[in-house]
Amino acid sequence: MSALGVLHANGLAHLGLQPNAVYIHDDNGVINCTVCGLETVVRFEGDKLIPAAVNPFYAPPEAAALTLHEPGTTICHWDWWTLGRLVQELILGRHVIDVLSETEPEHSEQLRRSRAETLLFELDPGGVRAGAVEAMTV
């Protein structure tokens, strides 16, 4: 996605990608993406820690439980991780948390968030890893 590349090339990281912040559209056979939600964009260059809220549904495992993050280009990995999660959600048709617990009745947003944090922190030793790629069946 060139939008992330442009942000990163200019010393900025999004850190807030979610389904409502990425619009994918077909322009006569050419797939284009528009990135919104720019209120979460931060400059990753410098020597100060970067404040960013962690959404357990869309943050990478290394961001778990942190509110301040190390500056530098490695923080751009967060954006790429989240983009992967969004693609996974698009392929599955719903968030992986809902796929992992599809045999259960409807559950509250609080329970979904708790399960997302368990997945992000990889707290279930016998469970899937944070990427949950193994949950993507045929």
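The values are calculated or read from the model by the stated rules, or taken from the named source; none is laboratory data. Owing to the predicted nature of the structure, the values given are computational and were not obtained by experimental measurement. Neighbour counts run over all protein chains shown; Cβ positions are idealised from the backbone, glycine included. The accessibility values were calculated without ligands, DNA or RNA, using every heavy atom of the protein model including side chains. Shrake-Rupley method; radii C 1.70, N 1.55, O 1.52, S 1.80 Å.
Pairs needed: first member in the stretch 1-18, touching a residue at least 12 places away in the same chain (Cβ under 8 Å); second member anywhere, hydroxyl-bearing (S, T, Y); C-beta distance under 6 Å; at least 6 residues apart or different chains.
Close Cβ pairs (under 6 Å, with a partner that is hydroxyl-bearing (S, T, Y)) amount to L15/T40; G16/T40; L17/T82; Q18/Y58.
Tell me whether the stretch 97-119 contains one or more residues that are on the phi < 0 side of the Ramachandran plot, polar (S, T, N, Q), open to solvent by less than 20 Å² (accessible area, probe 1.4 Å) and more than 15 Å from the chain's Cα centre (by Cα).
Filtering the stretch 97-119 for residues on the phi < 0 side of the Ramachandran plot gives 97-119.
With polar (S, T, N, Q) added as a condition, the list becomes 101, 103, 108, 110, 114, 118.
Filter again for open to solvent by less than 20 Å² (accessible area, probe 1.4 Å), leaving 101.
Of the ones still in play, those that are also more than 15 Å from the chain's Cα centre (by Cα) are 101.
Within the stretch 97-119, one or more residues are on the phi < 0 side of the Ramachandran plot, polar (S, T, N, Q), open to solvent by less than 20 Å² (accessible area, probe 1.4 Å) and more than 15 Å from the chain's Cα centre (by Cα).
Evaluate the following for V138: is it modelled with pLDDT of 85 or more, among the aliphatic types (A, V, I, L, M) and under 27 Å from Y23 (Cα atoms)?
No: the conditions fail for V138.
Could you run through the stretch 35-44 and say how many residues are assigned to a loop (DSSP other than H, G, I, E, B) and either touching a Lys or Arg at 6+ places or on another chain (Cβ under 9 Å) or surrounded by 15 or more Cβ atoms within 10 Å (Cβ to Cβ) (or both)?
Filtering the stretch 35-44 for residues assigned to a loop (DSSP other than H, G, I, E, B) gives 36-37, 41, 44.
Now restrict to residues that are either touching a Lys or Arg at 6+ places or on another chain (Cβ under 9 Å) or surrounded by 15 or more Cβ atoms within 10 Å (Cβ to Cβ) (or both): 41, 44.
Of the residues in the stretch 35-44, 2 are assigned to a loop (DSSP other than H, G, I, E, B) and either touching a Lys or Arg at 6+ places or on another chain (Cβ under 9 Å) or surrounded by 15 or more Cβ atoms within 10 Å (Cβ to Cβ) (or both).
For the stretch 45-70, how many residues meet the condition of being open to solvent by less than 30 Å² (accessible area, probe 1.4 Å) and free of Cβ contacts under 8 Å to residues at least 60 places away in the same chain?
Narrowing the stretch 45-70 to residues open to solvent by less than 30 Å² (accessible area, probe 1.4 Å): 50, 52, 56-60, 63-64, 69.
Narrowing further to those that are free of Cβ contacts under 8 Å to residues at least 60 places away in the same chain: 50, 52, 57-58, 63-64, 69.
Matching residues across the stretch 45-70 total 7.
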